[in-house]
C-alpha cells in the first residue's frame with residue numbers, strides 16, 4: 001500500500017503526516033506481542049492533568065483470544081464490521097471521570113484519554129501498523145459485555161493491524177480508502193487573540 005502523506009501547509013513531522021485511518025487490513029499478518037506492548041507503552045506516556053492517567057484500554061487480540069475478540073467485534077455497528085473483520089487487534093479506550101488522587105470529578109479525563117489514543121496511533125504509524133479509531137459501536141453493549149465500571153466512559157473502539165491493499169475492500173469502502181485526504185483550513189479552526197479571529201499563517 002502506498003503511503004498517503006498529508007498535504008500540509010508547512011512541513012510537519014513525517015510520522016504525523018503519514019498517520020491516517022485506513023480500513024484495508026492484511027488478515028494474514030498478526031500484530032506481534034512486542035508491537036502490541038509498544039503501542040500501549042506509547043499511550044502510557046501521554047500527558048494528563050495532574051499526571052492522573054485516567055485512561056484504561058481494553059485489548060483484544062484475535063490470535064491469542066479469538067472469543068473475546070469476537071465479543072468485542074459484536075459491539076461494532078454493521079457498517080464497521082464489514083471492514084474491521086480483517087483487523088487482528090481491537091482496543092477500546094475508556095476515560096475516567098474522577099481523579100484518583102482525591103475522588104473529585106474531573107472534566108479532563110476524556111481529553112487526556114484522547115491524547116493517549118493519539119500517542120498510540122502515531123506509534124502504530126512509526127511501526128508500520130495502522131490504527132483506526134471508531135465511534136460506530138454500541139457503548140452500552142461494550143460496558144455490559146466487559147464489566148466496564150460506571151465511572152469510566154467508553155470512548156473509541158480501535159482497529160489495529162498491518163495495512164492491506166485497497167482492492168481487498170468492498171467498493172463502498174475502497175473509494176474512501178483511495179480518496180484524496182483533506183482537512184479544514186487552519187484559519188477555520190485556529191484562532192488568535194480572540195474567538196473567530198483567524199490565526200496568522202505568515
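When you count the other C-beta atoms within 10 angstrom of each residue and take the mean per peptide, 179-187, 116-124 line up highest first as 116-124, 179-187.
So I have (1) 12; (2) 24; (3) 18, and one of them is percent of Cα pairs over 31 Å apart calculated from this model. Which one is it? Given (1) 12; (2) 24; (3) 18, the calculated one carries the label (2).
The calculated FRET efficiency for residue 51 paired with residue 78, based on their beta-carbon distance and R0 = 41 Å, is about 0.55.
Quick note: the coordinates plus some simple rules give every number you see, no bench work behind them. All values derive from a computational prediction rather than experimental measurement. Reconstructed Cβ throughout: ideal geometry from the backbone, glycine too, with neighbour counts over all protein chains shown.
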